[in-house]
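Novice: Take a look at the following structure, please.
The values are calculated or read from the model by the stated rules, or taken from the named source; none is laboratory data. All values derive from a computational prediction rather than experimental measurement. In this analysis, Cβ positions are derived from the backbone assuming ideal geometry, glycine residues included, and neighbour counts consider all displayed protein chains.
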Amino acid sequence: MVDKPWIELGLTDGEYSLIVGQLGREPNLVELNMYSVMWSEHCSYKHSRAELRKFPTEGPRVLQGPGENAGVVDIGEGWACAFKIESHNHPSAVEPYQGAATGVGGILRDIFTMGARPVAFLNSLRFGELSDPRVRYLFDRVVAGIGGYGNCVGIPTVAGEVYFEPCYRGNPLVNAMCVGVMRSENLVLGKASGEGNLVFLAGARTGKDGIHGVTFASEELNAASEEKRPSVQVGDPFMGKLLMEATLELIEKGLAAGVQDLGGAGLTCALTETAARAGTGIEVDLDQVPLREEGMLAHEILVSESQERMLYIIEPRHREEVEKIFIRWGLPYANLGRVTTDGMVRALFRGEKVVNLPAASVAGGAPECEPGLAEPAYYGELKKFKLPELPGETNYNRALQKLLGDSTVASKEAVWRRYDYSVRTSTLQGPGGDAAVIRIRENGKALALTVDGNGRHSYLDPYIGGIYAVAEATRNLSCTGAEPVGITDCLNFGNPEKAEISWQFQQTVEGMSEACRVLGVPVVGGNVSFYNEVEGEAIYPTPVVGAVGLLAEPENMTRSAFKSAGDHVLLLGSKLVSLGGSQYLKCCHNVVAGALTRPDLELEKRLQELLRSLINERLVHSAHDLSEGGLAVALAECCIGGELGCVLTLPAGSGRADNLFGEGPSRVIVSVHYELVGRVVRLAGKAKVPVMDLGEVGGEKLKIMSEGEYLVDIKIADLDRIYREVIACAMK
Amino acid sequence: MKAGVIVFPGSNCDLDAYHLVRDILGQEADYIWHGETSPGEYDLLILPGGFSYGDYLRSGAIARFSPVMEAVASFAAAGGMVLGICNGFQILTEAGLLPGALYRNRHLQFRCRQTYIRVENNRLPFTGLARKEQVLKIPVAHGDGCYYVPEDELAGLEERGQVVFRYTDSGGSPTKKANPNGSVSNIAGVCNEQGNVLGLMPHPERAGEDLLGSSDGLVIFKSILDYLGAGEVSRRG
């Protein structure tokens, strides 16, 4: 017997005393296991709760904010949209296929648990450099795992992003988002309400997989992490699909008083959270749990993270009808017990009472940590970096080709053609655009969806990086014509016990909150992933924003590709750019340094409003956000997508590399029929958004001139080949 | 027309087929649960795409034993029209209602993309309104779509007009690049000898509206309607 069993289970001495204090006695080993998983960082958010309260979470459309399985916003005519993003980083680092697949399965359950029919998946991925064979292996298996689950359950994967940076080599990021649609009145919460109501468990049998997965997720990775492979769950998308259909049928028929999926911390989390949310208690008999193998112990049953399981709170009068549904879908199920009123979670095992805990203590009693904050030493240094110290660029054609062939910038078609993005016949705009657009048959509208985040920006300035992430995600929605209605965030950071990491986290949340406030977009849910470190080296602070927009008239949807020769190319928005932190610096000069362009959120707001009104008045043929690689890369993408060239002139003055490759927020390229240019320019003036007419669409080349000289002059066909080649080759 | 869309556990394109028949064609459609042994009267049975029973074994290998499959077989034997799309095609080959087999894609990856398929036989109830060698833009989305028949059998299929669709480029040439999965002879779809059972890997139900990228898939469904309108009566399933 170990002296201090709580230490083995990842709890500190201080936390253990707190548990004893809250309980008024020492917990037994089963109970201690339950505390251990629920008080882990993953479940208790002890290092992030205080900061997360800063997010604006309210708005006229918000039906459900953070704290539930997913956020829900009103999308009109009695319909609502549920969505959430979640990380599955650590499992994917050691078992990439199952890690990614169960990440998708887990976020799927979060959505249908609310009563929403899942309609789309998105994902945001980060890996080390592709030249590394281990990275190529992780990349290939993660993509296969995402497709393996998503394709099988028949929900299209419509958008995503992939970045490659050395800091993610041993700790890739796999963030999965799911979006669902529901009748507002069908909203079901994860609450164990109603004394005497029955507690049902249905879905896969409980096995020994994923035991203490959340504890694994709450520590740094190291050489021994490979041995944690048994902590990684194994997904069964077929079971996930059956469970989804059965759950939606139950909810549609009004048979469920409460629904909760079993994810991290398994049954322990589902029992204690549903009881704590409702202020009730639960009594269960663990011998009723359908098991995958004989001889499982009470604590194993309670903390197992076997996938594809759901907990339902059912009124006794519905029992028969509910059982019929489980049987029809071929699901193992059991009535585990019932809801009580005294706030206690009790469990029997082989006739003995093994658990007797206050739900509120297990699910909400973990202490809030108040970490010290310290600006990292690198921060000030990297900001001071001066560009003139670089050798001047002499061949802009070559620089552009290099950027388009950079794995982060290059086309991800070789990734998304492995995902079914057209099932459900609602994908109006699939992967590869600024945002995906799917129609909602039920109310005649469409949803625009995107995920965005740039870790390098956040590394150089986490506050501005946070603003950028929200601004870019919402701008991408606006580029299709959609109005942003809410965001969900996945915050990927290093070890929060370090003051520098806590500082990055705090700065990021401040920046994101500021952007959300000015742009009027609420945060309705999200996830924090700490301890993304290998051997003490943290990843870039990486906030990923999943954003949802509403397009009232889907036929107005705009794409990024140029459409017609003769159209004018207009640059709308900010004139401020910087090479600091740019893709160009990294890709062409191998430098990660410099100051980011200061954002102007008021301009961002005016720009997005202008864009949406231009699109809804059908005044533009295309709209494309400027991001990594700046103006030149954005133009190349518009040309490649439309198989059309363009001939443009940049104003004289500022540095040429800045003009072509500098990055900054609040910038969008639109193409406009030549007869409408005057009107668009006037409307931009009225909206106080700077506008510049750069030239015309046409020809077979991208030609960019400055001061009488062609800086860029390349055939679109050549750009296209470079743009598509790199990821396709890595994926063979 | 009244179509029955068969729902196996794990089917996931059932909704799309149902939507196309009801909302785009304005015809009747029902879902038929896989446990059904006497589904009732239909003019057309559709086996939709998906991952029946998870397809953890060979695709379609378990679904062929579903109770409903006996009814599908007798419906087909009586001359009823059966359309298998993607997983439905796989199930029909497993059930022996169509010749050949569908292997894992040659490149071993799932593939979702637009393809072009050429109509090789337009004298079928499924293709009567298409021009001979008309090229249709219809997407694929599958992991196990590599069609195979032994060479000697292939010659027989060709002779009898059982090769109904071939992957081609947009101009109608059956190039290697146009073939998304390594199918023998670029075959995308085949029918039985009688011509009343058709299976294809591309998804015509995903190509029923221009706003989704193509409406070329409609020609298959409209051909069926046209054929039925020409005097065919409903059959008991």
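Novice: Failed condition for A:Gly264, given (1) more than 27 Å from A:Pro118 (Cα to Cα); (2) modelled with pLDDT under 95, with all others met?
Specialist: That leaves (1) as the condition not met.
Novice: Confirm whether B:Arg106 is within 14 Å of chain A (Cβ to nearest Cβ), of a type in the set (D, E, K, R) and not in a strand (DSSP E or B). First the steps, then the outcome.
Specialist: Numbers: within 14 Å of chain A (Cβ to nearest Cβ): yes; of a type in the set (D, E, K, R): yes; not in a strand (DSSP E or B): yes.
Judged against the criteria, B:Arg106 is a match.
Novice: Which numbered condition in (1) surrounded by 14 or more Cβ atoms within 10 Å (Cβ to Cβ); (2) within 14 Å of chain A (Cβ to nearest Cβ) is the only one that B:Leu198 fails?
Specialist: Among (1) surrounded by 14 or more Cβ atoms within 10 Å (Cβ to Cβ); (2) within 14 Å of chain A (Cβ to nearest Cβ), B:Leu198 violates only (2).
Novice: Can you tell me how many residues within region A:25-60 are buried (at least 17 other Cβ atoms within 10 Å of the Cβ) and acidic (Asp, Glu)?
Specialist: Matching residues across region A:25-60 total 3.
Novice: Then there's this: Identify, from the list B:Thr127, B:Thr115, the residue that is hydroxyl-bearing (Ser, Thr, Tyr), outside any helix (DSSP H, G or I), closer than 20 Å to B:Ala17 by Cβ and within 14 Å of another protein chain (Cβ to nearest Cβ). Before you say what the answer is, go through the steps one by one.
Specialist: Details: B:Thr127 fails: within 14 Å of another protein chain (Cβ to nearest Cβ).
Every option except B:Thr115 fails the conditions.
Novice: Okay, next question. So which residues in region A:435-452 are more than 10 Å from every other protein chain (Cβ to nearest Cβ) and either among the hydroxyl-bearing types (Ser, Thr, Tyr) or part of a loop (DSSP other than H, G, I, E, B) (or both)?
Specialist: A:Ala435, A:Glu442, A:Asn443, A:Gly444, A:Thr450
Novice: May I pose another question? If A:Phe326 meets every condition in (1) away from every other protein chain (no Cβ under 14 Å); (2) under 24 Å from A:Asp110 (Cβ atoms); (3) at pLDDT 95 or above apart from one, which number is that one?
Specialist: Of (1) away from every other protein chain (no Cβ under 14 Å); (2) under 24 Å from A:Asp110 (Cβ atoms); (3) at pLDDT 95 or above, only one is false for A:Phe326: (1).
Results for (1) in contact (Cβ under 8 Å) with a residue 40 or more places away in the chain; (2) more than 10 Å from every other protein chain (Cβ to nearest Cβ), shown as yes or no for each residue.
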{"residue": "B:Asp14", "(1), (2)": "no, no"}
{"residue": "B:Tyr18", "(1), (2)": "no, yes"}
{"residue": "B:Val21", "(1), (2)": "yes, yes"}
{"residue": "B:Gly26", "(1), (2)": "no, yes"}
{"residue": "B:Asp43", "(1), (2)": "yes, yes"}
{"residue": "B:Leu47", "(1), (2)": "yes, yes"}
{"residue": "B:Tyr56", "(1), (2)": "no, no"}
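Novice: Next question. Suppose we filter A:Pro156, A:Pro172 for residues that are in contact with a Leu (Cβ under 9 Å, 6 or more places away or on another chain) and either touching a residue at least 40 places away in the same chain (Cβ under 8 Å) or surrounded by 24 or more Cβ atoms within 10 Å (Cβ to Cβ) (or both); which single one remains?
Specialist: A:Pro172
Novice: Suppose we filter A:Val521, A:Val545, A:Val528 for residues that are outside any loop (DSSP other than H, G, I, E, B) and surrounded by 24 or more Cβ atoms within 10 Å (Cβ to Cβ); which single one remains?
Specialist: Of A:Val521, A:Val545, A:Val528, the one residue that is outside any loop (DSSP other than H, G, I, E, B) and surrounded by 24 or more Cβ atoms within 10 Å (Cβ to Cβ) is A:Val545.
Novice: Got at least one residue in region B:85-97 being within 27 Å of A:Ser422 (Cα to Cα), modelled with pLDDT of 95 or more, over 13 Å from the mean Cα position of the chain (by Cα) and within 12 Å of chain A (Cβ to nearest Cβ)?
Specialist: no
Novice: When you go through (1) within 26 Å of B:Ala78 (Cα to Cα); (2) within 12 Å of another protein chain (Cβ to nearest Cβ); (3) hydrophobic (A, V, I, L, M, F, W, C) one by one for B:Leu212, which number turns out not to apply?
Specialist: Here B:Leu212 clears every test but (1).
Novice: When you scan region A:672-724, how many residues do you find that are buried (at least 17 other Cβ atoms within 10 Å of the Cβ), over 24 Å from A:Asp658 (Cβ atoms) and either free of Cβ contacts under 8 Å to residues at least 24 places away in the same chain or acidic (Asp, Glu) (or both)?
Specialist: The number of residues fulfilling the criteria is 1.
Novice: Further, regarding this structure: For region A:66-160, which fully contained strands (runs of 3 or more DSSP E) count at least 1 residues that are in contact with a strand residue (DSSP E or B) (Cβ under 8 Å, 6 or more places away or on another chain), within 14 Å of chain B (Cβ to nearest Cβ) and of a type outside the set (Asp, Glu)?
Specialist: Hits in region A:66-160: A:117-127.
Novice: Going residue by residue through region A:401-410, is there one that turns out to be within 30 Å of B:Asp210 (Cα to Cα), within 14 Å of another protein chain (Cβ to nearest Cβ) and touching a residue at least 60 places away in the same chain (Cβ under 8 Å)?
Specialist: no
Novice: A further question follows. For region A:94-105, indicate whether the set of residues that are among the aromatic types (Phe, Trp, Tyr) and crowded, with 24+ Cβ neighbours inside 10 Å is non-empty.
Specialist: Within region A:94-105, the subset among the aromatic types (Phe, Trp, Tyr) is A:97.
If we keep only those that are crowded, with 24+ Cβ neighbours inside 10 Å too, we end up with none.
No: region A:94-105 contains no residue that is among the aromatic types (Phe, Trp, Tyr) and crowded, with 24+ Cβ neighbours inside 10 Å.
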